[in-house]
Structure formats: structure tokens, C-alpha cells
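The values are calculated or read from the model by the stated rules, or taken from the named source; none is laboratory data. All values derive from a computational prediction rather than experimental measurement. Quick reminder, even Gly has a Cβ in these numbers, built from the backbone with ideal geometry, and neighbours come from all protein chains shown. For accessibility, only protein heavy atoms count, side chains too; no ligands or nucleic acids. Shrake-Rupley method; radii C 1.70, N 1.55, O 1.52, S 1.80 Å.
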Amino acid sequence: MTTKIFKLFSIVLAAAMFLGMTACGTAAPRVLNLWYYEPPDGALGKAWAASQTQFLATHPGVTIHFELHTFEQMQATAQMFLNSSSAPDVIEINKGAANAGTFAKEGLLTDMTAEATKRGWDKILAPSIQATCLYDPKTGIQGSGNLYGVTDYGEFVMLYYNQDMFDKAGIKVPTTADDLYAAADAFVAKGITPFATAGAEYPAQQIFYMLALSKANRQFVTNYQLLKGIDFHGPEFTYGATEMATWVQKGYISKDAVNMKAQDMQNAFQAGTNPMMMGGSWLFGGLQSAKLPFKWNVELWPGNAISLGSGGNLWAIPSGSKNKDLAYDFIDITLSKPIQTLMGNDGGLPINADTTQITDPQVQQFNKLFAQLVASDGIGYYPDWPVAGYYQDLVSATQELMNGTKTPSQFLDEIAAPYNAALPK
Amino acid sequence: MQERALPQERRALEPMKKNTLSIDKGYGVFLIPGIIAFFLIIIFPFMINLGISFTTWNGIGKPIWVGLKNFQTLINDSVFWLSFKNDLILLIAMTIIPTIVGLLLATFLFDYITSNFGQSVSSFFRAGFYLPQIIPGAVAAIVWEWILQPDWGVVNYVLKAVGLSSWTHDWFGDPSTALLAVMVVLVWVQLGYPVVIFMAALQRIEPEILEAASIDGASWLQKFYYITIHLIRPEILVVVLTTSIYTLKIFGQVYVLTRGGPGNVTNVPSYYAYKNFFETQQVGYGSAISLAMAAIIIVLTVVFINMQSRQEREESV
């Protein structure tokens with residue numbers, strides 16, 4: 001009897017073990033849900049596609065469910081899906097207090113500080129680049145606090161110039177503020193509008209802020225960006241606004257650019273309509289692949305110790321992610337030297353590349369300028385960062401400044417109102 | 001003295017009464033999907049929007065109850081009133097001009113083109129006028145943006161080519177012409193709708209009435225004014241009502257063409273609500289703007305429907 005019971009028990013146990021093993025064998029593979037919005041043909045898109053390939057190679061049994069989104073989608077709806085159960089495991093989100101800061105404050109993002117230290121990311125991210133990754137969990141203000149995002153690239157705004165137009169006109173390529181004004185005057189005298197810009201999107205407000213930064217120091221930038229309060233009628237912004245209005249009056253920028261978009265600005269530069277453009281590093285890859293019929297190059301904005309720029313947009317891990325370990329691994333791969341070098345060779349601005357492996361001289365120059373700016377603590381961020389929704393306020397006000405419907409003083413009052421309303425009470 | 005039905009009559013009426021009731025109940029079932037959809041799609045979001053409009057909220061976390069503060073802000077918000085004024089001005093481009101020009105065009109196609117060149121030519125033009133209604137709004141707006149682009153747009157190009165360089169302009173960028181330029185685009189978009197409706201309406205008019213008027217010596221203008229307009233008044237009201245509602249909630253074209261700029265010169269309430277809701281994360285205030293617009297649209301609709309019913313009653317008397 002005992003033997004029979006023992007046999008029966010053995011059979012049941014064996015069957016249970018077999019079923020258990022079968023269940024293990026057919027367990028659903030783990031899936032890393034990944035969302036980002038960089039176009040696949042850009043430097044970032046190519047680098048991150050390579051990161052996915054490497055991730056799959058180093059994580060057998062894990063698959064990636066990838067969704068390509070757009071910047072505008074993130075800008076308008078990120079808070080909704082981050083706040084839902086359908087948030088992915090790792091996501092590219094827009095930097096700044098208005099986006100990443102708000103999500104961090106509302107507890108929608110994972111604090112990555114400890115993991116970043118463990119994996120050595122804190123050493124890869126330079127302090128001025130890291131500033132875009134740190135957010136105060138109580139206020140959402142950027143620049144200090146916990147690491148809620150990790151960027152793997154940088155960006156800055158610089159002077160793009162058409163070498164052929166300068167050569168043809170016999171004008172020296174500017175490296176100082178005086179050179180810049182001399183060149184602009186010389187082009188105006190020849191009936192050419194020196195700078196391409198666009199009032200309906202970010203480019204025109206960046207001119208205002210860049211001009212203001214030419215009179216600013218680090219303390220001003222910190223006070224402005226961290227919502228510590230600034231005097232909008234102080235020397236920095238007064239110069240920016242007055243000079244911007246003067247640029248329109250003198251014909252440095254066309255009044256016809258008021259309703260133009262950033263793409264129109266780029267088109268005008270590519271068409272050789274304007275010899276110069278204040279443009280971001282995000283335009284560099286596009287211009288390179290456009291194979292323009294003229295020689296062009298880039299310089300840091302002449303006369304500015306501080307220029308617009310920052311770390312790039314952020315990898316973040318939504319609080320609800322069930323695969324945080326995989327998300328950390330993926331971010332780690334994007335920060336690795338081979339991927340970063342690949343990004344550099346495709347015209348991106350990596351922060352951890354082996355620069356000796358970057359072959360294109362123009363890309364080398366581009367990366368050198370950025371390294372120079374970072375080394376000299378010259379990263380000045382962007383004018384719309386301090387306040388949620390400030391971007392549109394700046395667009396409207398800058399359009400009015402360009403049109404002359406608002407004086408520089410009225411313009412400053414207009415942009416001061418939402419900023420002052422957002423100051424911590 | 002109260003009249004009473006005779007017993008036989010009463011008996012005859014009873015089954016009829018029963019029948020009517022059972023028919024009503026039967027139809028009621030068919031209303032259920034509509035009622036459910038109405039609650040899910042209209043009433044439920046409307047009530048949520050109403051609730052949010054009494055709060056300050058950035059779209060995440062807990063909304064904070066602020067009572068009527070958003071509405072007080074709205075009353076003193078010059079941008080909202082400017083956007084509302086712009087909306088009223090856009091009524092000219094989207095309701096008044098298309099209705100008047102649409103009526104004249106429809107009459108011209110119906111009376112002149114059809115009788116002189118045949119139905120197919122008339123249909124061709126009718127389809128042509130209606131085409132902008134079929135093209136997606138955003139696509140049409142982008143094409144118009146190119147047409148009116150200051151540097152290489154075809155309008156400025158043609159003006160330069162015919163020696164009118166001084167007339168070239170930054171149509172959407174100059175505050176003095178931006179709203180006007182948007183209005184031109186909207187007239188182009190909107191015109192086909194009344195043309196189609198009015199051509200259908202004109203086919204409804206008995207030719208004998210117009211012939212009788214002709215025999216009586218009525219001119220074309222008299223026939224148009226006293227007979228045609230009078231008889232197609234229901235269609236005119238429908239066109240005016242629907243285009244007015246469409247104007248009040250206009251968003252797409254403004255979003256693509258100008259984003260409310262330069263400054264706020266072409267801002268409209270729907271875009272202003274969107275901007276607050278999604279871009280500046282003032283969800284409570286955005287909801288208050290939407291609610292104010294919904295109230296205005298409902299009032300306008302009730303007024304128009306009352307006018308239409310009154311007219312129908314007068315005509316039936």
C-alpha cells in the first residue's frame with residue numbers, strides 16, 4: 001500500500017515538474033517598451049537604432065516593442081500617457097521645468113540618481129549638461145535635485161554661414177561681435193538680408209535671448225532659469241530687446257520673417273537667400289545630408305561667452321515601468337563609447353564619444369565648438385525653459401517686437417508677466 | 001357640456017390607442033444606442049469639462065478647486081475677448097460672404113449655365129466650388145501658406161511680375177493683413193458648401209411659379225428676390241446656422257496658418273483654449289474657455305432653431 005502511494009506520489013511529482021518545466025519553457029519573453037521621437041535618418045535615430053540592435057544581442061530572450069512618436073506629441077500629451085497604465089518602460093521626454101520638471105514633481109518619473117552613480121553616468125554627464133537632467137522633486141525646477149532623466153547628447157545654437165556668399169562679397173567671416181555687425185552692414189549695403197530667421201517658431205526668440213546673453217553672466221542665467229527672479233528691464237534683456245528691434249530696422253533680419261517657421265529659415269539658408277543663420281545643432285545633420293551646392297561652416301556665436309545650448313532631451317523611466325532593470329541597461333548602451341562615436345560620425349553631438357574616431361573635418365569642428373562651449377561654462381539654456389507654456393508667450397511677443405506693434409519696453413513687460421506669475425511664492 | 005364618445009366609437013378607438021402606445025415603445029428601443037452614445041460622447045465629457053473649469057490643474061495630479069476664479073479671469077482677459085472678436089469678424093468670411101456669394105453663384109449656375117451650357121458644365125463648376133471642402137483643412141492651409149509666402153509665394157511673385165512690387169506683402173506676418181489673409185482662405189474653403197445646398201434648393205422650386213411671375217411681367221431680380229429667396233429660406237437658415245457654428249469652433253486653419261499670430265492678431269477661442277489646455281498646462285482655464293464657447297454656441301443654435309421653427313409655423317398657417 002505504502003509503495004503504491006509512493007509510486008502515485010512520484011508520478012504526480014514528475015508530472016508537476018514536467019508541466020512546470022514546460023511552463024518555464026513557454027513563458028512569455030520579457031519585452032522592453034521603448035518610445036522616442038527622433039527621426040530614423042538623423043544622427044540620434046541611427047545611434048538609437050544601433051543601441052536597440054546591441055540591446056537585443058546582449059539580452060537574449062528579451063524583445064523590444066518600439067514606437068516612434070513626434071516632438072509635438074510629447075509636448076502636448078506626454079503628461080496624459082505618463083499618468084496612465086500604458087506608459088512605456090523607457091521614453092524620450094522633453095527637457096525643462098515645463099515638461100520633465102512637471103512630470104518629476106507629480107511623481108511620474110523614476111529617480112535614477114543611485115543607479116546613475118552605480119553605472120558611472122554621473123561622470124559622463126558634465127555639470128552644465130547634467131543640469132538638464134536634475135529636477136527638484138517638490139517644485140520641478142531644473143538644475144538641482146534628483147536625476148529624473150539622462151541625456152546622451154548635447155545641443156547648442158551657433159552661427160551657420162555660407163562661405164561662398166562671404167567670399168563673393170569679399171566679406172570676412174565674423175569671429176567677434178564687431179566682425180558680425182560689419183559683415184551684416186556690408187550685406188545690407190549689397191541689398192542682401194544677412195540673417196535668415198523665423199518669427200512663428202523658436203528662431204526669432206533665440207536671437208533675442210542670444211543678444212541678451214551677450215551682456216549676461218552665469219549668475220543672470222542661473223537666476224533666470226531657476227526662477228529666482230530677474231529684472232526684465234535690466235541691462236541684459238533691455239539690450240536683447242532693443243537690439244532685436246534695431247536688427248529689424250537695419251534690415252539684418254527681414255520683417256517678412258514674422259510668420260515664418262523654422263523650416264522656412266533653414267530653406268532660406270539652403271537656398272542661398274541669406275548668408276547667415278542663427279541655428280541649432282539639430283539642423284547640422286540635415287544641412288550635411290542636403291549636400292548643399294555651396295561651402296558652409298559653423299562658428300560659435302561671435303561675441304558671446306554664453307550661448308544657447310544644453311544637454312539634449314532625456315531618457316526617462318516612467319514610475320509604472322515593470323522592466324526598470326532593462327530600461328537602465330538600454331540607457332547604458334546609448335551612453336557607451338561605440339554608440340556615441342557612431343552618433344558623432346553621423347553629425348550628432350555625443351557627450352561620450354571617442355573623438356579621435358570622428359572622421360569628417362566639418363563634424364570634428366562642430367564637436368570641437370561644443371566641447372569648447374561646455375569647457376568654458378558657456379551653456380546658457382533656452383529662453384522658454386523657466387515657465388510652462390512660456391514658449392508660445394515668447395513667440396507672440398517676439399512677433400510683435402519684430403512688427404513694431406510693441407516697443408522693446410512693452411515687449412519686456414509682456415514677457416515679464418507670465419514669468420513673474422510663475423515665481424515661487 | 002362635455003362631449004362624450006358613443007360606446008361603439010369608444011370601442012373602436014381603444015385598439016387604436018393601444019396600437020399607438022405599443023408603436024411608441026417599440027421606437028424607444030431604437031433610441032437607446034443614440035442616448036448611450038450621447039451620454040458617453042457629449043454629456044459625460046461636458047460634465048467633466050464643467051468640473052475641471054472650476055479648478056486649477058496642470059493635467060497631472062490633483063486639480064485644486066478655485067470656484068469661479070477661471071471665469072473671473074476670463075472676463076478680464078483681453079486675449080480671450082480679442083479672440084472672440086476675431087471669431088465674430090470671421091463670421092463675415094465664413095458665413096456672410098459665402099452665403100451671399102454662394103446664393104448668387106448657385107443661381108447663376110442654375111439659371112444661366114445649366115440652361116445655356118447644359119447640366120454637365122454646371123455640375124463641373126459645382127464640383128469645382130465644392131472641392132476645397134473635400135481637401136483636408138490642414139493640407140489646404142499649408143498650400144495657402146505657400147501661395148501667400150512673402151519671399152517666394154505665387155501671389156507676391158505675380159505682383160512683382162506685373163510691376164506691382166510695392167503691393168507685395170507679408171500677408172500672414174503683418175498684423176494689418178493677417179486676419180484678412182486668413183479670411184480670404186476661409187471664404188475659399190467655405191464657398192462650395194452653400195453653392196451645393198442652394199443648387200439643390202433651387203431644384204425644389206416649382207418652375208410654374210417662376211413662369212407665372214414671368215408672365216405677370218416680373219424681372220429676373222424681382223423673381224430672385226420675391227420668389228427664389230423666399231422659397232429657399234429654410235436652406236439659407238440651415239447654411240447660416242451650420243457655418244456660424246463652424247466659425248465659432250474654427251481651429252485647424254488658424255493653427256496651421258498663423259497659430260494665432262502675429263502676436264494674438266488672428267487668435268480664436270478654440271485655439272486659445274487649446275493653447276491653455278495643452279501648451280501652457282492651464283487645463284482649468286482652457287476648460288473655462290471651452291465652456292464659455294459651448295454656451296455661446298448653444299445659445300446661438302437655440303436662437304436659430306427657434307427662428308426656423310417660427311418661420312415654418314408662419315408658412316404653414
query: Any residue at all in region A:347-355 that is more than 30 Å from residue A:422 (Cβ to Cβ), surrounded by fewer than 24 Cβ atoms within 10 Å (Cβ to Cβ), more than 20 Å from the chain's Cα centre (by Cα) and more than 14 Å from chain B (Cβ to nearest Cβ)?
result: yes
message: Looking only at region B:239-284, how many residues end up being open to solvent by less than 10 Å² (accessible area, probe 1.4 Å), among the hydroxyl-bearing types (Ser, Thr, Tyr), within 13 Å of chain A (Cβ to nearest Cβ) and assigned to a helix (DSSP H, G or I)?
response: 1
- prompt: Could you say which residue among A:92, A:67 is open to solvent by 60 Å² or more (accessible area, probe 1.4 Å) and either touching a Ser or Thr at 6+ places or on another chain (Cβ under 7 Å) or among the acidic types (Asp, Glu) (or both)?
  reply: A:67
query: So residue A:86 fits all but one of (1) open to solvent by 60 Å² or more (accessible area, probe 1.4 Å); (2) assigned to a loop (DSSP other than H, G, I, E, B); (3) farther than 14 Å from residue A:319 by Cα; what number is the exception?
result: (3)
- request: Residues being assigned to a loop (DSSP other than H, G, I, E, B), aliphatic (A, V, I, L, M) and under 30 Å from residue A:133 (Cα atoms): count how many of those fall in region A:147-198.
  value: 1
- prompt: Looking at A:102, A:110, A:77, which is the one that is β-branched (Val, Ile, Thr), surrounded by 17 or more Cβ atoms within 10 Å (Cβ to Cβ) and within 14 Å of another protein chain (Cβ to nearest Cβ)?
  reply: A:102
Answer residue from region B:187-201, given it is open to solvent by 10 Å² or more (accessible area, probe 1.4 Å) and more than 12 Å from residue B:94 (Cβ to Cβ) and is farthest from the chain's Cα centre (by Cα) among those: B:200
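Are any of the residues in region A:41-56 within 20 Å of residue A:322 (Cβ to Cβ), in contact with a strand residue (DSSP E or B) (Cβ under 8 Å, 6 or more places away or on another chain), more than 14 Å from chain B (Cβ to nearest Cβ) and in a loop (DSSP other than H, G, I, E, B)? Before you say what the answer is, go through the steps one by one.
Initially, region A:41-56 is screened for residues within 20 Å of residue A:322 (Cβ to Cβ), giving A:52, A:55-56.
From the residues that got through so far, the ones that are in contact with a strand residue (DSSP E or B) (Cβ under 8 Å, 6 or more places away or on another chain) too are A:52, A:55-56.
Those left that are additionally more than 14 Å from chain B (Cβ to nearest Cβ): A:52, A:55-56.
Checking which are in a loop (DSSP other than H, G, I, E, B) leaves us with none.
Checked region A:41-56: no residue is within 20 Å of residue A:322 (Cβ to Cβ), in contact with a strand residue (DSSP E or B) (Cβ under 8 Å, 6 or more places away or on another chain), more than 14 Å from chain B (Cβ to nearest Cβ) and in a loop (DSSP other than H, G, I, E, B).
Scan the helices (runs of 4 or more DSSP H) fully inside region B:87-168 and keep the ones with 3 or more residues being under 29 Å from the mean Cα position of the chain (by Cα). I'd like the intermediate steps shown before the answer.
Working: elements: B:97-107, B:114-117, B:119-134, B:137-147, B:154-161.
It comes to B:97-107, B:119-134, B:137-147.
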query: Which ones in region B:152-166 are at pLDDT below 90 and open to solvent by 80 Å² or more (accessible area, probe 1.4 Å)?
result: B:152, B:166
Breaking point among (1) open to solvent by less than 60 Å² (accessible area, probe 1.4 Å); (2) closer than 26 Å to residue A:289 by Cα; (3) within 14 Å of another protein chain (Cβ to nearest Cβ), for residue A:72: (1)
message: For region B:119-168, which positions are without any contact (Cβ under 8 Å) to a residue 12 or more places away in the chain and of a type in the set (S, T, N, Q)?
response: B:119, B:120, B:123, B:149, B:165, B:166
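Among the residues of region A:391-407, write down those that are within 13 Å of residue A:209 (Cβ to Cβ) and more than 8 Å from chain B (Cβ to nearest Cβ).
So in region A:391-407, the residues within 13 Å of residue A:209 (Cβ to Cβ) come out as A:391, A:394-395, A:397-398, A:401.
Listed by number, the residues that qualify are A:394, A:398, A:401.
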query: Give me the pairs: first residue in region B:102-118 and under 18 Å from residue B:188 (Cα atoms), second residue polar (S, T, N, Q) and open to solvent by less than 60 Å² (accessible area, probe 1.4 Å), beta-carbon distance under 7 Å, and six or more apart or on different chains, which are they?
result: B:109/B:122
